Amino acid sequence: QVQLVESGGGMVQAGGSLGLSCAASGRTFTSYVMGWFRQAPGKEREFVAAISGGGAFTYYADSVKGRFTISRDNAKNTVYLQMNSLKPEDTAVYYCAGSRGVQWPTPERLYEYWGQGTQVTVSS
C-alpha cells in the first residue's frame, strides 16, 4: 500500500511560479511511475506529467510542455512538479498518483494510488 500526500498548492498571479511536492510512504517508491494530474471545475481529470521510477524518463501533456518540470528524489520518497509561466487555465486541483509502471507511457487507468489533491489557483 502506498499513501501519497501533496503539498505546495496556493494562489499565484499569471506568469508566476509554484512548486508542488508529493510525499509517498512505502519502501518500494523507486518501482513506481509517478504522475501528476489535474482537474478543473466542471472538467474531467487530465494528465499533466509523469516520471519513471529511476527518474530517467519523463513525459508531459502538450499544454504544459516547456513550462512544467517533473522530478523525483527517491531518497526522500518525493516527487515534485515545478510550474513556471502559469496561466489562468492551469487553475485546478492537482493530484499525484503512483503506478507500478507496467506500461510506458502509463495510461491513467493504471495509476493505482492517488493523493488527496492540492488546489492551484492562477489569477489573471
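Once region 31-62 is narrowed to residues that are out of contact with any strand residue (DSSP E or B) (no Cβ under 8 Å at 6 or more places or on another chain) and farther than 17 Å from Gly117 by Cβ, the residue that is most open to solvent (accessible area, probe 1.4 Å) is Asp62. Do we find a residue being without any contact (Cβ under 8 Å) to a residue 60 or more places away in the chain, assigned to a loop (DSSP other than H, G, I, E, B) and out of contact with any helix residue (DSSP H, G or I) (no Cβ under 7 Å at 6 or more places or on another chain) anywhere in region 77-96? Yes, because at least one residue in region 77-96 is without any contact (Cβ under 8 Å) to a residue 60 or more places away in the chain, assigned to a loop (DSSP other than H, G, I, E, B) and out of contact with any helix residue (DSSP H, G or I) (no Cβ under 7 Å at 6 or more places or on another chain).
Within region 99-124, residues that are free of Cβ contacts under 8 Å to residues at least 12 places away in the same chain reach partners that are surrounded by fewer than 12 Cβ atoms within 10 Å (Cβ to Cβ) with beta carbons closer than 7 Å, at six or more positions or on different chains, in the pairs Leu110/Val102; Leu110/Gln103. Could you check region 35-57 and list, in sequence order, the residues that are among the polar types (S, T, N, Q) and not in a loop (DSSP other than H, G, I, E, B)? The answer is Gln39, and nothing else.
Once region 1-17 is narrowed to residues that are part of a strand (DSSP E or B) and under 12 Å from Lys87 (Cβ atoms), the residue that is nearest to the chain's Cα centre (by Cα) is Val12. Inclusion of Ser123 among residues that are modelled with pLDDT of 95 or more, open to solvent by 50 Å² or more (accessible area, probe 1.4 Å) and either over 17 Å from Ser7 (Cα atoms) or among the acidic types (Asp, Glu) (or both) is not warranted. Taking region 67-119 as the range and being among the hydrophobic types (A, V, I, L, M, F, W, C), more than 14 Å from Arg45 (Cβ to Cβ) and buried (at least 18 other Cβ atoms within 10 Å of the Cβ) as the test, the residues that pass are Phe68, Ile70, Val79, Leu81, Met83, Leu86. All of Thr58, Thr78, Thr106, Thr118 fail the test of being within 23 Å of Val2 (Cβ to Cβ), at pLDDT below 95 and of a type in the set (S, T, N, Q), apart from Thr106. Please specify each residue of region 1-30 satisfying the condition of being surrounded by fewer than 14 Cβ atoms within 10 Å (Cβ to Cβ) and among the charged types (D, E, K, R). Of everything in region 1-30, just one residue is surrounded by fewer than 14 Cβ atoms within 10 Å (Cβ to Cβ) and among the charged types (D, E, K, R), namely Arg27.
The values are calculated or read from the model by the stated rules, or taken from the named source; none is laboratory data. Predicted, not measured: the structure shown is a model, and the values here were computed from it. Note: ideal-geometry Cβ built from the backbone for every residue, glycine included; neighbour counts use all protein chains shown. What goes into the accessible areas is simple: the full protein's heavy atoms, side chains included, and nothing from ligands, DNA or RNA. Shrake-Rupley method; radii C 1.70, N 1.55, O 1.52, S 1.80 Å.
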